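Working notes, structure below.
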Amino acid sequence: MRIMITGASGYFGQLLAQRLRDDLGADTEIIGIDIREAGDTPQEMRFLEGDTRKKRIEDIFKVQDQIDTVIHLARDATPGLPSDKSMMTNVYGTAHMLELALKYKVKQFIFPSASIVYGAHRDNPALIHECHPLLGNRDVANIRDRVEADMICQSFSNNTRMKVVILRIVPIWRAQGNGMLQRYMKHDLVPTLMGYDPMFQIIYEEEVLEAFSLTVRNPKAFGAYNIRGRVFMPLSKVIKELGKTPVPLPEPLVHKKGRFRWSENVRFDFNYLKYPFCVDGDRARRELKYRPEEITITRV
């Protein structure tokens, strides 16, 4: 089996390469693609330099033997990045990789989306299913890019020659990195919006790695799957679960015009701190055999 991982120099890409080698064995070849090589590329992965936005990345498909699975992790969520630049990587880069994967007869294409694509709205169902419309706030570049890339993947998912799998993952609590959840809960005292305490879901890295591994090992998987973790409780309790203290504040003290008071370069939709966007994970449980409650978690 031959697997290509884009965005492979990132922290999670390296973790995933190690996990797939552990689960699939030494006979599986893992090819890592990124614009630059990390200083500590794991021995489980053969690194090749490539940019998913550029036409030259097709050369990698031309010279490689048949690639069975593409896992497209490459995305840019740099705070303050101009909107057009983030769209080039997150949207155009995704479409480009899908087209190449289809052209070179890749069997499976896995794309990590996020539960934020559904949007946080007062009238959301208690648990959102995969058929729910994607109503994420397109005024926020990070959310807009995720919604559009997800929809592009959906447009390819009806193709019978390649199984396109979209993993809509709830907010991830990472050991390293600079994700939105980490930026929001950066300090020991975490501000919340006074009068609001929505139900909230988070997922740990071990649970995400398990979901990817199960998907790669399931050739029948296709379409969208909600990937939730075991943590499902009010936001204030989630904050405590992570060893921090929630501090309810009036909304004007937390943000101004969609930006955190303490970090103005971070654009955010504060409805995610007011209304639920919790997902139902039954399809992943049934078809992928993904059961987060059975996974051993290494506490951060």
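Values quoted throughout were computed directly from the atomic coordinates according to the rules given, and no laboratory measurement underlies them. It should be emphasised that the depicted structure is a prediction, and the values quoted were computed from it without experimental measurement. Positions of Cβ are backbone-derived with ideal geometry, glycine not excepted, and every protein chain shown enters the neighbour counts.
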| task | Could you state the angle between the C-alpha long axis of helix 141-156 and the longest principal axis of the C-alpha atoms of the chain, as a value from 0 to 90 degrees rounded to the nearest 10? | result | 40
| remark: Rounded to the nearest 10 degrees, the helix 11-24 long axis (Cα) sits at an angle to the longest Cα principal axis of the chain of 50
| task | Give the order of 3, 60 when sorted by the count of other beta carbons within 10 angstrom, beginning with the fewest. | result | 60, 3
| request: Determine the calculated [θ] at 222 nm for the chain from helices alone, applying -39500 (n - 2.57) to every DSSP H run no shorter than 4 residues and normalising by the residue count; nearest 500 deg cm²/dmol. | output: -7500 deg cm²/dmol
| task | Within 10 Å of each residue's Cβ, count the other Cβ atoms and sort 22, 84, 269 from fewest upward. | result | 84, 22, 269
| query | What is the helix-to-structure angle for 93-103, meaning the angle in degrees between its Cα long axis and the longest Cα principal axis of the chain, kept from 0 to 90 and rounded to the nearest 10? | reply | 30
| task | With a point put 7 Å past each Cα toward its Cβ, work out how far residue 275 is from residue 23 in nm, to one decimal. | result | 3.4
| task | Normalising by the residue count of the chain, find the relative contact order in percent from Cα pairs under 8 Å and 6+ residues apart. | result | 18
| Charged-residue dipole, Cβ positions (Lys, Arg, Asp, Glu), the range 47-183 about Cα centre, Debye nearest 20 | 60
| request: Collect residues whose amide H, placed 1.01 Å from N in the peptide plane, falls under 5 Å from the amide H of residue 190; neighbours closer than 5 in sequence don't count. | output: 245, 247
| query | Nearest 0.05, what FRET efficiency do residue 65 and residue 220 give at R0 = 35 Å with Cβ-Cβ as r? | reply | 0.90
| message | Using Cα-Cα distances under 8 Å and only pairs 6 or more residues apart, what relative contact order does the range 148-243 have, in percent? | response | 38
| query | Based on Cβ point charges of +1 for Lys and Arg and -1 for Asp and Glu, what charge dipole magnitude is obtained for the chain about its Cα centre, in debye rounded to the nearest 20? | reply | 520
